[in-house]
There are 2 protein chains.
Amino acid sequence: MITLLLADDQALVRGAMAALLGLEEDLEVVAEVGSGDEVLEAVRRTRPDVAVLDVEMPGLDGISAAAQVTRELPGTRVLIVTTFGRPGYLRRALEAGASGFVVKDTPSHELAAAVRTVAGGGRVVDPSLATEVVIGGPNPLTDRERQVLGEALEGHSAPAIAARVHLSPGTVRNHLSSAIGKTGTSNRVEAARRAQDLGWL
Amino acid sequence: MITLLLADDQALVRGAMAALLGLEEDLEVVAEVGSGDEVLEAVRRTRPDVAVLDVEMPGLDGISAAAQVTRELPGTRVLIVTTFGRPGYLRRALEAGASGFVVKDTPSHELAAAVRTVAGGGRVVDPSLATEVVIGGPNPLTDRERQVLGEALEGHSAPAIAARVHLSPGTVRNHLSSAIGKTGTSNRVEAARRAQDLGWL
DNA sequence: TCTGCCCCATGACAGCTGTCATTACGCAGT
DNA sequence: ACTGCGTAATGACAGCTGTCATGGGGCAGA
């Protein structure tokens with residue numbers, strides 16, 4: 001019997017996945033949580049074979065939670081299940097020690113198969129994303145560029161961003177200009193969107 | 001026996017919801033589709049009692065699909081299930097003839113209850129969103145403002161938007177300025193985000 | 001040590017942005 | 001007929017944006 005923990009902020013989706021996996025003879029959902037902050041505690045308590053984590057969650061995101069779990073309780077393997085198939089997510093998930101990465105577009109019957117593979121010590125990776133990771137290469141943005149781009153995503157102006165991160169407006173614009181160049185876009189909004197799509201934020 | 005159609009672009013979520021609802025004695029999933037374009041055809045073919053539709057789907061969105069269904073086959077009632085609890089979505093869903101509106105944050109066991117209520121001719125509406133609709137009031141944006149704001153959301157500049165919608169750059173800026181005023185924001189990016197959150201796009 | 005990279009900053013430039021006043025047309029409702 | 005609204009356009013203004021050149025400091029690797 002393979003025991004499972006499910007983490008997804010959308011209660012309906014979480015419950016539905018529990019129902020889906022509960023139909024399998026050899027799988028048992030032993031814990032469900034709705035935020036990344038609760039994952040570690042629940043894993044400590046229930047010691048599941050596999051933790052199925054969503055990336056987008058309030059509080060701690062699924063990838064950070066995966067890092068916690070693989071560091072403290074390596075007996076529990078991690079399978080990341082996410083809405084957004086961003087190459088950067090996959091890279092970061094694997095760096096965090098996740099054993100599998102599946103997008104929510106995949107057929108539902110493959111989820112149980114992925115869980116079994118991961119539980120058996122294997123790895124499951126979306127093939128189309130894997131190729132994108134190879135093509136896309138590593139994240140070229142510096143820390144400051146990411147930070148400033150993240151603020152720009154909210155719609156703040158350069159002077160506003162400067163005040164928030166304690167820099168001069170001119171420096172903010174330099175970082176933005178650099179990020180625009182690296183993303184191959186022509187303004188901060190496009191740059192922020194592209195960076196997010198590639199998982200560079 | 002209540003028959004159901006499920007529409008959600010994420011196969012995993014769709015399958016999981018089918019599993020969840022399939023556990024209920026009195027419910028039966030008779031059709032599953034992954035895009036809004038397929039909804040009407042599937043409803044015509046299977047004549048379900050309730051169509052459970054996601055809003056965010058490729059092609060035709062869930063609300064437009066709901067309008068098609070309630071117009072052509074009023075015997076099938078529509079329950080909208082969405083990730084984003086935007087007030088404007090609720091308003092538009094009800095205008096489109098939907099009988100229920102549920103966000104994916106709601107507990108999974110309530111979904112079956114919502115389905116039964118809708119099937120019985122009742123209405124299900126998320127109470128917190130209902131109050132927001134009352135407070136928020138109707139969409140104040142004009143057609144042009146929505147159109148221009150939608151382009152701005154993509155990160156296009158005023159001259160670029162002007163070329164796309166066949167207007168003068170000055171006129172585009174006038175519409176944007178007006179939209180910024182109506183949303184109570186201070187630039188086009190914030191305005192577009194706010195408008196989207198309120199379901200005004 | 002020297003090179004390279006990241007960081008921070010300034011100044012200058014052309015171009016874009018948000019606002020306002022003003023004009024004009026068409027199309028409703030009164 | 002008159003008013004109001006949406007649409008479209010222009011011109012002007014201050015301020016913001018993206019780019020470039022240039023300077024400096026720190027910190028790693030060769």
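Here are the numbers:
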item	result
Mean separation of Cα contacts under 8 Å (6+ apart) over length of the stretch A:143-197, as relative contact order %	37
For residues of A:152-161, the mean tally of beta carbons on other chains within 10 Å	3
Test item: A:185-198 mean partner chain Cβ contacts at 10 Å	2
The stretch A:46-116 - charge dipole about Cα centre, Lys and Arg +1 at Cβ, Asp and Glu -1, debye rounded to 20	160
Helix-only [θ]222 nm of the protein assembly as shown, DSSP H runs n ≥ 4, -39500 (n - 2.57) each, per residue, nearest 500	-15500 deg cm²/dmol
Cα gyration tensor shape of the stretch B:143-197, rounded if a/c is under 1.5, else prolate or oblate by comparing a/b with b/c	prolate
Label 7 Å beyond Cα on the Cβ vector: B:Thr3 copy-to-copy distances, nm	4.3
Unit charges at the beta carbon, dipole of the protein assembly as shown: most positive-side option, B:Leu198, A:Thr3, B:Gly120	B:Leu198
Dimensions (Å) - the protein assembly as shown, Cα atoms, principal axes, largest first	61, 54, 35
Degrees, to the nearest 10: A:143-153 long Cα axis against longest axis of chain A	90
Per-copy distances of the B:Arg164 label point, shortest first, in nm (7 angstrom along Cα→Cβ)	2.3
Cα gyration tensor, the stretch B:1-64 - rounded (a/c under 1.5), prolate or oblate	oblate
Dipole magnitude (debye, nearest 20) for the stretch B:1-65, charges at Cβ of Lys, Arg, Asp, Glu	200
Nearby lysines by direct alpha-carbon distance to A:Lys104 (threshold 27 angstrom, same-chain neighbours under 8 apart not counted)	B:Lys104
Global form of chain A, assessed from the alpha-carbon gyration tensor, a/c cut-off 1.5	prolate
Nearest-20 debye value, chain A charge dipole, Cβ charges on Lys, Arg, Asp, Glu	840
Number of partner chain Cβ atoms within 10 Å, mean per residue of A:80-88	1
On Cα atoms only, tilt of B:127-136 relative to the major axis of chain B in degrees	20
Pairs of alpha carbons in the stretch A:72-149 whose separation is greater than 14 Å (percent)	64
Positive dipole terminus of the stretch A:21-177, leading residue within A:Val172, A:Val52, A:Leu40 (C-beta point charges)	A:Val172
Options B:Leu94, B:Leu141, B:Gly75, ranked by Cα towards positive dipole end of chain B, top entry (Cβ charges)	B:Leu141
Built amide H within the under 5 Å cut-off of B:Ala51, gap 5+	B:Leu5, B:Arg77, B:Val78, B:Leu79
9 Å beta-carbon shell around A:Ala7, net charge (K/R +1, D/E -1)	-4
For the stretch A:101-193, the spread of Cα positions along each principal axis, largest first, Å	53, 24, 22
Teacher prompt: B:Arg123 distances to equivalent labels in other copies, 7 Å Cα→Cβ, nm	5.4
For A:Leu60, residues with placed amide H under 5 Å, excluding near neighbours	A:Gly36, A:Asp37
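Throughout, read-outs are computed from the coordinates displayed, never taken from laboratory work. Small disclaimer: the values here were computed from a predicted structure and weren't measured. Glycine also receives a Cβ, built like all others from the backbone with ideal geometry; neighbour counts cover every protein chain displayed.
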